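Asks: Following this message is one structure expressed as structure tokens.
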């Protein structure tokens, strides 16, 4: 069974050990476990949405070989200078469409709104568990190399520790807020809107931009214009949810004009109800953090100089990337809807 | 020309922009620029070592398309919330052997000692320039896919800012030292020696271990047993240099039994003579930092969960990896020496 271990020099948690594959789930080669009719190849659904004819439109279930598991005890323990704990948490898979081999940007706005609603509800539900400090939501899209990858899906990961990137972001957002009493992201949006060099798109609710210090060519962030720290609470209103779905679809389509391979990660506030945090540590989260979605295209060739944690090298500055993405018409609604 | 940009949310510097290719250097397809006889395909040597017959044994020259350049002015400038500066620094290539298609572990101990001596001397020389805050030394080894990659070489990178990993390591080493008045790495070595579960090899001067929270299977760190913060100062003594070369060769051979693809990064103290640091910020570096070499094998498949900065997932715990590496005999001195 995997466990969490803390690297004392970097304070980064890693997960190590063999993942347990659920014993009652078989796999059949070349058969997509995410397609309708093959539900026997996945654990049973935690949540399903259905159309008027009763067929499922989205499905959520536990990962077959989870990284984090609900069953385990946390059991944090020290061993001299080392810290470890069990991988208590949850690892769920969200199948975003019954259709095989459809890119996320080709889903209809209605379907994307449904997907986001499901994400929202799963995050809200998982955050009821006060042992989970964070719920991650991410997706890897590649040109189909395996049946699984060819079927559009996301991962939802509840963990008893923060992913490293969230530790870092929260730290610097807090430091900024302490100094300025303003949200770092709100100030970024203000400057980006004024300079108008890196903005890719904007509607009444959201803005998409190529971040000033983009790690990779055509990196895009989507942020709400009005300050909000929590993705899952911010899209409770159906109109706002739909606004995000349409905006997100357009952004994805722009990026897909460049490459079909990218990673999408939602950055949202940690579980402010979690047990064990120092009493005052979340006091300002609602003010100093700003949820957003990061789309990171994987253009061929490794852009990392000096191993994985030296410098990123990005040959295309954000302004050039924004200019290109801005000019790309997202295209008409594809015929193949849901 | 590339520039350095600071991401205000992560405080990470990235390099962005088109790299300038040196105009006077031509490239000839399928011809290895690192082979004897092809020196015209590289910038002229900064340093060369030669054997008794006058043929070069190692060569150092500027990278053809440098990430950091000595010529530029630093010119740090703000733009609202953003910070940027020129990529003032140096980017040198060290060709480790005249022989094409030889893996680093196949070099003789003498040749490896020569390579390390050259690294040492280049780092010491570059640190004379008080505008450079760090000198990175790293190597990427892959199964030959291009003539360049098939010819064993390293990169030496002088930068006006710290790579992110060094920021993080120095921060936590300092915090540890402030609390305990002991070096975090010295304590690690003490515990590892006692537990003897993750030690791969040891001689009178150095220890090799699989770090407790290894990011990837078979990750290996090589550390000096006696406390020393600076790689380049610690190997001034020829006997110690030779001890490291022999030990390093054995470690490499063990890892190569698993995979020929890995990254090697030397972690050493920053340039404590650099201008512009707060006066007291380096006071304890000599006490709280411990230089080491990190070897990171790239076993097929991406082990990063949740994008590049979420959690690493490593299916093989450090103890298992150490057991395997320990059992692998490094093998006899290969016939093809230097």
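What follows draws every value from the coordinates through simple rules; no lab data is involved. Since this is a predicted model, take the numbers as computed values, not measurements. We place every Cβ from the backbone using ideal geometry, glycine too, and count neighbours over all the protein chains shown.
Asks: Let me confirm one metric for peptide A:11-21, namely the mean number of other chain beta-carbon atoms within 10 Å of its residues' beta-carbons.
Replies: Details: counts 6, 7, 4, 12, 9, 16, 6, 4, 2, 0, 0.
Counting Cβ atoms of other protein chains within 10 Å of each residue's Cβ and averaging gives 6.
Asks: Give me the inter-chain shielding for B:154-166: mean count of other chain Cβ atoms within 10 Å, whole number please.
Replies: Partner Cβ neighbours, averaged per residue: 3.
Asks: Let me ask another. Enter the Cα centre distance for the pair the range B:186-262 and the range A:38-70, rounded to the nearest angstrom.
Replies: The range B:186-262 and the range A:38-70 have Cα centres spaced 46 Å from each other.
Asks: Related question: So the label point sits 7 Å from Cα along the Cα-to-Cβ vector; using that for residue B:81, what distances do you get to the other copies, in nanometres, sorted shortest first?
Replies: Once sorted, the set of distances for residue B:81 reads 3.7 nm.
Asks: Helix-derived [θ] at 222 nm for chain B: sum -39500 (n - 2.57) over DSSP H runs of at least 4, divide by residue count, nearest 500?
Replies: Values: 8 runs with 90 residues, N = 338.
Mean residue ellipticity, 222 nm, calculated: -8000 deg cm²/dmol.
Asks: What are the distances, in nm and sorted shortest first, from the label point of residue A:171 to the label points of the same position in each other copy, with each label point placed 7 Å from Cα along the Cα-to-Cβ direction?
Replies: When each copy's label point is compared with this one, the spacings are 0.2 nm.
Asks: Next question. Assume the label is 7 Å from Cα along Cα to beta carbon: what separations in nm does residue B:128 have to the matching positions in the other copies?
Replies: Sorted ascending, the copy-to-copy spacings read 6.9 nm.
Asks: Applying a 10 Å radius around every beta-carbon, put A:178-186, B:131-139, A:71-79 in order of their mean neighbour count, most first.
Replies: Going from most to least packed, we get B:131-139, A:178-186, A:71-79.
Asks: In whole Å, largest first, what are the principal axis extents of the Cα atoms in the range A:39-152?
Replies: On the principal axes, the range A:39-152 reaches 56, 32, 26 Å in Cα extent.
Asks: Given the convex hull over the Cα atoms of the range A:188-232, what projected area results after averaging over all orientations, in nm²?
Replies: 3.6 nm²
Asks: Starting at 0 and stepping by 5 Å, how many percent of the alpha carbon pairs of the range A:230-281 end up in each bin?
Replies: Taking all Cα pairs of the range A:230-281, the binned fractions are 4, 14, 18, 17, 15, 12, 8, 7, 4, 0 percent.
Asks: How big is the range A:165-327 by Rg and Dmax over its Cα atoms, in Å?
Replies: Reported Rg and Dmax, both Å: 16.3, 49.
Asks: Given the range B:3-159, what percent of its DSSP beta bridges are antiparallel, to the nearest 5?
Replies: Taking every DSSP beta bridge within the range B:3-159, about 95 percent pair in antiparallel fashion.
Asks: Antiparallel as a % of all DSSP beta bridges within the protein assembly as shown, to the nearest 5?
Replies: 95 percent
Asks: Over the Cα atoms, compute the radius of gyration (one decimal) and Dmax (the largest Cα-Cα distance, rounded to a whole number) for the protein assembly as shown, in Å.
Replies: Gyration radius and largest Cα-Cα distance of the protein assembly as shown: 25.8, 85 Å.
Asks: Suppose we look only past 37 Å in the calculated P(r) of chain A. What percent of the Cα-Cα pairs does that tail hold?
Replies: Details: 9793 of 56953 pairs.
Every Cα pair in chain A considered, those over 37 Å come to 17 percent.
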